[in-house]
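Working notes, structure below.
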Amino acid sequence: MTANPRPQTHQIPETPAAEPDFQALVGPFGWRRLHPDVRRRFSQSHQGQTTTYSGRMLVARNWAGLVFALCAKMIGGPLPVMESDDAAAMVCVRGDGAGGVVWERWLALHPDDPPLRVASTKRLGGDGQLLECVEGGLGMVLRVFEQDHGLIFESQHYFLTWRGRSYRLPHWLTPGQCRVTHHHVSPGRFRFSLTIRHGLFGLTFLQSGIFSDPEG
């Protein structure tokens, strides 16, 4: 793989027509295998409203993850520097008014520090691929599928958008392959897990916790 980033063929539409259709992305067979609560969370519209989930999380990283997190601060800091065995967490999901869905996470990693905000937006690219973008221009192309009755988001590659063009990043320059899982735990509760694994540096980031649906 060349070390030079190369332009991507996918484009981020200026005004997408609709939110991502997760049922279509997963496919009918995989979608039916998901728990009804999982299907409900990923089929409801978020335009004009915010849904808030609360829970507690393990937030960990290795030494390489720390290096990547410090470097990421230059583009908005989407990766946590600090760790916690039991961080209070809140996730706010809302539409961005342009066809994307924003996942805004707040993590209380240390009682003396303000909560860390980590936000990303899932939207469809012009070629129909699912993209996840963070502030600063960094993004991922995602594959979405069902596995063991859970919904899985797995990064295929990273890209950086700069001056209207997207450039694919070589794997070694990224924190690793990102894998997010959403599994049913009990009525109104689910487990969110995130792992980022690098080919050379191993498991760079790990986040996992149980969240509850909003009351009412």
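Just so it is clear, none of the values below were taken in a lab; they were calculated from the coordinates. Here the structure is a predicted model, which means the values were calculated and not measured. Ideal geometry is used to build each Cβ from the backbone, glycine not excepted, and the neighbour counts take in all protein chains shown.
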Rounded, prolate or oblate (a/c below 1.5 giving rounded, otherwise prolate when a/b exceeds b/c) for the stretch 65-127 by Cα gyration tensor: oblate
Length added when fully stretched, residue 145-residue 165, from 0.36 nm per residue minus Cα-Cα: 4.4 nm
Within the stretch 48-110: Cβ-based charge dipole about Cα centre, in debye rounded to nearest 20 (Lys, Arg +1; Asp, Glu -1): 80 debye
Distance between modelled label sites at residue 172 and residue 71, nm, 7 Å Cα→Cβ extension: 1.1 nm
Charge dipole magnitude, Cβ of K and R +1, D and E -1 - the chain, Cα centre, debye nearest 20: 480 debye
The stretch 110-156 shape via C-alpha gyration tensor axes, a/c threshold 1.5: oblate
Separation between Cα centres of the stretch 78-142 and the stretch 164-216, rounded to whole Å: 10 Å
Two-site label geometry, residue 86 and residue 210: point separation in nm, points 7 Å out along Cα→Cβ: 1.3 nm
The stretch 161-205 shape via C-alpha gyration tensor axes, a/c threshold 1.5: oblate
R0 of 25 Å, Cβ-Cβ distance residue 113-residue 60: FRET efficiency to nearest 0.05: 0.90
